[in-house]
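The values are calculated or read from the model by the stated rules, or taken from the named source; none is laboratory data. Predicted, not measured: the structure shown is a model, and the values here were computed from it. Cβ atoms come from the backbone with ideal geometry, glycine included; neighbour counts cover every protein chain shown. Note: areas computed on protein heavy atoms with side chains; ligands, DNA, RNA excluded. Shrake-Rupley method; radii C 1.70, N 1.55, O 1.52, S 1.80 Å.
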Amino acid sequence: WLLGCFPPFLDPGIHGLASKQPSYNEFHLSQIVTDLSNRREIRGLDFWPYRNRIHTWEQLLSAYDRFLKKTNHVPERFGAPPVPGIECEEIVIAPITSRTGLDAESADMQNCISTYLVQIYEEKCYAYRLLQPERATVLVDRRSGRWSIAEAMLAANERQVKSSTWNRLVDWGMTAGN
């Protein structure tokens, strides 16, 4: 009876992963496993068919992405960013590579960046965290076949970044090999 109550957390593979690495980047094991099993159950599917087949984060996230794509949802992980992040003295920019990261950025910065989920998945735009010289959320989009900075806003969309920061962003954006 006990083994049937919540199979994902009693799964030896998931249990082993939880003991070794309960979180990975912005992901937390309990959130991913719970969401995956709940979505499967809602669709009337066996809610944990992976018994002892998932032992790594890559296997778990791949199973999650496959299920989300199969059910016409945006996968957890996005494709490669069109412009790589950068970390140097003058500027630090990190691509947001997942739905979880996008939701966290939206909550942290009190903005609507998470509403771009589908456009990011469709590679029409991409979101980044600007960490230095000032904290902001950056959106790049494709215009006339080229990637360019669409906006760079401070928390709660208080204002756009300073002009000196904007110029650095434009320089960074030019590295996309447009």
Accessible surface, 1.4 Å probe, highest first, among residues Ile14, Ile42: Ile42, Ile14
Long-range Cα-Cα pairs in the chain (distance over 26 Å), rounded percent: 40
Amide N of region 74-88 lying under 11 Å from the label point, which is placed 7 angstrom from the Cα of Arg146 along Cα→Cβ: none
With every protein chain in place, the chain: carbon and sulfur % of accessible area (1.4 Å): 51
Region 106-178: proportion of alpha-carbon pairs further apart than 13 angstrom, %: 64
Residue-averaged 222 nm ellipticity for the chain, from DSSP H runs of 4+ at -39500 (n - 2.57), nearest 500: -11500 deg cm²/dmol
Per residue solvent-accessible surface (Å²) - the chain, probe of 1.4 Å: 55
Order by protection proxy (mean Cβ within 10 Å, highest first), peptides 98-107, 150-159: 98-107, 150-159
Computed E for Trp166/Asn25 - FRET, C-beta separation, R0 25 angstrom, nearest 0.05: 0.30
Angle between the chain longest axis and helix 29-42 axis [Cα atoms, degrees, rounded to 10]: 70
Heavy atoms of Glu90: accessible area, 1.4 Å probe, square angstrom to 10: 90
Calculated SAXS-style log₁₀ I(q)/I(0) at q = 0.27 Å⁻¹ - region 17-69, Debye, Cα scatterers: -1.20
Cα-based helix-to-principal-axis angle, 163-173 vs the chain, degrees rounded to 10: 60
Cα shape, region 61-117, gyration tensor, a/c 1.5 rule: oblate
